[in-house]
Structure formats: structure tokens, C-alpha cells
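Visitor: Sharing a structure, written as C-alpha cells. Questions coming.
The values are calculated or read from the model by the stated rules, or taken from the named source; none is laboratory data. Keep in mind the model is a prediction, meaning the values are calculated, not measured. No Cβ is skipped: glycine too gets one built from the backbone with ideal geometry, and neighbour counts run over all protein chains shown. All accessible areas refer to the heavy atoms of the entire protein, side chains included, with ligands and DNA or RNA removed. Shrake-Rupley method; radii C 1.70, N 1.55, O 1.52, S 1.80 Å.
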Amino acid sequence: EKQNHLPTGKRLIAKKAGIISYFDVEGGVKQVNINEIVNTGDVLVEANIEDTSHKQHHIDVSGKVFAKTWQDVYVSKPSKHQPNAMDLFILLLHARNKLYEDFGLDDQILKENILQFTYNNGKIDLHVHYELLQNIAILQE
């Protein structure tokens, strides 16, 4: 169930690396720009602002910061026969399930590219590269 109010705190930081796409925040001062590359732990929105007399003021910060991110997923299954289309489909579903384990409500898949689909020594392997749009912001107290 979606909550109407978001927790507030001192700042929003990046929980993973990505390229900033857009902001959905209330309060605070943005520390990064759209299309900027950020790394894990980078400050995205700061709650402290400075007035003209150089005094620091705290503003509650809440919201989401969306970024393009990337993730590679590897899945495999044993098989006694050469792989067919159904094997690929099943492994692709397993790859998506593995990806969805860390997905937020607002996250989405932008692109899905199969990089490798192989059969060796009785095992079928699938390597998929995903381009994602994810809320990468976490609240830091």
C-alpha cells in the first residue's frame, strides 16, 4: 500500500550509481543535475541551506530521485538437451524474477538485452543486461 507522506530527514543520498533522470522531491537543495553521473553515497539533495548572512538553516527533505542504472543478471539451469525457445523464455523469466528482488514500486525496465545464451556440459546459461529507471535516493538522518 502506497503511503501519502514520505519520511523526512537531513539529506537524500544515492544508494547506487546511475545517471540522474528527474527529481520528485520536497524541500532541500539539489546537489546534482539532470544527466549527471552519481556514485553510491553521493549527496543528491541537501537539507541545509545558507542565507545571505551565512547562517545555516535546516529544511526537511523528502522525495525520490530517479536515475538510469544498469544491472547484469546471470541465470542457469541443467539440461540434457540442446536449448530451445522455451528454455530461453523460462530462463528470461528467472532473470526478471532475480532482477525484481531489489525493485522498488516506481522502478522500471527500460531495456533488456540478452548478451549470451549458451549450452555447455549439460547446463544452459543466460546473461542479460538491463537498463533501468530507478529511485536511487535513500534518506540519511
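Visitor: How far apart, in nanometres, would the label points at Gln82 and Lys30 be if each is projected 7 angstrom from Cα along the Cα-to-Cβ direction?
Guide: 5.4 nm
Visitor: What nm distance separates the two modelled labels at Ser21 and Asn39, each placed 7 Å from Cα along Cα→Cβ?
Guide: So the label points at Ser21 and Asn39 sit 2.4 nm apart.
Visitor: Please report, in Å, the Rg and the Dmax of the chain, where both are computed over Cα atoms only.
Guide: Cα only, the chain: 20.3, 75 Å (Rg, Dmax).
Visitor: Can you give the charge dipole size of the chain about its Cα centre, rounded to the nearest 20 debye, using +1 on the beta carbon of Lys and Arg and -1 on the beta carbon of Asp and Glu? Intermediate results must be reported in sequence, preceding the final value.
Guide: Working: 15 positive and 19 negative charges, 103 e Å.
For the chain, the charge dipole is close to 500 debye.
Visitor: Please list, by residue number, every one of the trypsin sites (Lys or Arg not before Pro) in segment 25-69 that is coil in DSSP and has at most 15 other beta-carbon atoms within 10 Å.
Guide: Taking segment 25-69 and a limit of 15 other Cβ atoms within 10 Å, the loop trypsin sites (Lys or Arg not before Pro) found are Lys55.
Visitor: Mind checking the per residue accessible area of segment 72-112 for me, 1.4 Å probe, whole number of Å²?
Guide: Accessible area per residue: 72 Å².
Visitor: Right, something else. Net charge near Leu99, counting Lys/Arg +1 and Asp/Glu -1 over other residues with Cβ under 11 Å of its Cβ?
Guide: Neighbourhood net charge equals -3.
Visitor: Just want the answer: with Cβ charges of +1 for Lys and Arg and -1 for Asp and Glu, which residue in Ser79, Leu92, Asn39 is farthest toward the dipole's positive end in the chain?
Guide: Working it through, the farthest residue towards the positive pole turns out to be Ser79.
Visitor: If packing is taken as the mean number of other Cβ atoms within 10 Å per residue, what is the order of 13-21, 78-86, highest first?
Guide: 13-21, 78-86
Visitor: Roughly to the nearest percent, how much of the accessible area of the chain is carbon and sulfur, given a 1.4 Å probe?
Guide: 48 percent
Visitor: Let me know the number of lysine pairs in the chain closer than 13 Å at the Cα, not counting same-chain pairs under 8 apart.
Guide: Lysine pairs meeting both conditions in the chain amount to 8.
Visitor: Rounded, prolate or oblate: pick one for segment 19-93, where a ≥ b ≥ c are the square roots of the eigenvalues of its C-alpha gyration tensor, a/c under 1.5 means rounded, and failing that, prolate if a/b is larger than b/c, else oblate. Can you show the working numbers first?
Guide: Working: a/c = 4.72, a/b = 4.49, b/c = 1.05.
It is prolate, given that a/c is not under 1.5 and a/b is the larger ratio.
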